[in-house]
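The values are calculated or read from the model by the stated rules, or taken from the named source; none is laboratory data. Quick caveat, the model's predicted, so the values are computed rather than measured. No Cβ is skipped: glycine too gets one built from the backbone with ideal geometry, and neighbour counts run over all protein chains shown.
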Amino acid sequence: MRKGTIISLDELDQTGMIVDENEQEIPFHANPKGHNLKLNDNVIFEIALTISGLSAIITGL
């Protein structure tokens, strides 16, 4: 599990960018069950290979 902070967010699509503890920016798409995500939320995520390439999969807040 990795930790990071949401630095950009499209609330409609629940997509955006996370910056992790190593200051790496990673694109994400929220779990369909979803969380009520907001900018600057601290999140827990995993990295997965998706159809769009490597993406963060948010697993918790």
Query raised in the report: In the range 14-58, how many residues are modelled with pLDDT under 85 and under 11 Å from residue 3 (Cα atoms)?
Result: 0
Report summary line: Among strands (runs of 3 or more DSSP E) entirely inside the chain, those with 2 or more residues being of a type outside the set (A, V, I, L, M), surrounded by 14 or more Cβ atoms within 10 Å (Cβ to Cβ) and without any contact (Cβ under 8 Å) to a residue 60 or more places away in the chain are 2-10, 15-20, 25-29
